[in-house]
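Colleague: One structure, pasted below without further comment.
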Amino acid sequence: MPKNINLACLSDKVGVELISSPLSITTAWQDLGSEIPMFGYLGATAFLSFTIGAGADTGLQFQALAKHALAGADEYSFPIKTVGASAVAVEPVVYTFTNDANQKIALHITTNSAVPFLQFQVKKLVDGGGADATVATAHYVRTAQGGE
């Protein structure tokens, strides 16, 4: 007789810390913490708290990359498909935050149990010349059930 599995038991109960101290954001993509193991999970939600410095850095960006090996060099973008009148384009999913005030953001990344590891990354488009914008805190919660 088949047994019912409570998928809620497989989900993280509290946020898992990605960074232990604030991370200054540069104009190049940089890892936001370690890789996140995703075996058996349908997705992950990133909880990010940005602190915008007095230097007016703008265009903070966040992306999640798929990885097939722990500590591997190969990183793969999650694609978004856009259909235009003359072409179909596939581009990486990058979230850009245009509000230049301190903010707290929760972003959900769906993997459908198809990605062994996730790597979160951040960067800024414009360096305002003063104090760097930072990621003050970053946590993640993985989920093993649908219903997003």
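No lab work stands behind these numbers, since they all come straight from the coordinates. Values in this document were obtained by computation on a predicted structure and should not be read as measured data.
Colleague: Could you run the Karplus curve 6.51 cos²θ - 1.76 cosθ + 1.60 with θ = phi - 60° over the range 25-33 and give me ³J(HN,Hα) per residue in whole Hz, x for Gly and Pro?
Modeller: 8, 9, 8, 10, 4, 9, 5, 9, x
Colleague: Could you go through the range 117-124 in sequence order and give the Karplus-derived ³J(HN,Hα) for each residue, using 6.51 cos²θ - 1.76 cosθ + 1.60 with θ = phi - 60°, rounded to whole Hz, and x for Gly and Pro?
Modeller: Values, residue by residue: 9, 10, 10, 8, 9, 9, 6, 10 Hz.
Colleague: Restricting to Cα pairs below 8 Å that are 6+ residues apart, what does the relative contact order work out to for the range 34-143? Please round to a whole percent. Mind dumping the intermediate values first?
Modeller: Numbers: 248 pairs, mean separation 58.7, N = 110.
Dividing the mean separation by the residue count of the range 34-143 yields 53 percent.
Colleague: If you don't mind, there's one more thing I want to ask. Starting from the Kirkwood Rh over alpha-carbon pairs, what translational D in µm² s⁻¹ does the range 34-143 have by Stokes-Einstein at 10 °C and 1.306 mPa s? If you can, show how the numbers build up before the last one.
Modeller: Details: Rh = 15.2 Å.
It diffuses with D of about 104 µm²/s by this estimate.
Colleague: Something else now. Which ³J(HN,Hα) values in Hz, rounded to whole numbers, follow from the phi angles of the range 72-84 under the Karplus curve 6.51 cos²θ - 1.76 cosθ + 1.60, where θ = phi - 60° and Gly and Pro get x?
Modeller: x, 7, 6, 10, 10, 6, 7, x, 10, 9, 10, 10, x
Colleague: Express in whole angstrom the spacing between the alpha-carbon centres of the range 18-54 and the range 61-135.
Modeller: 10 Å
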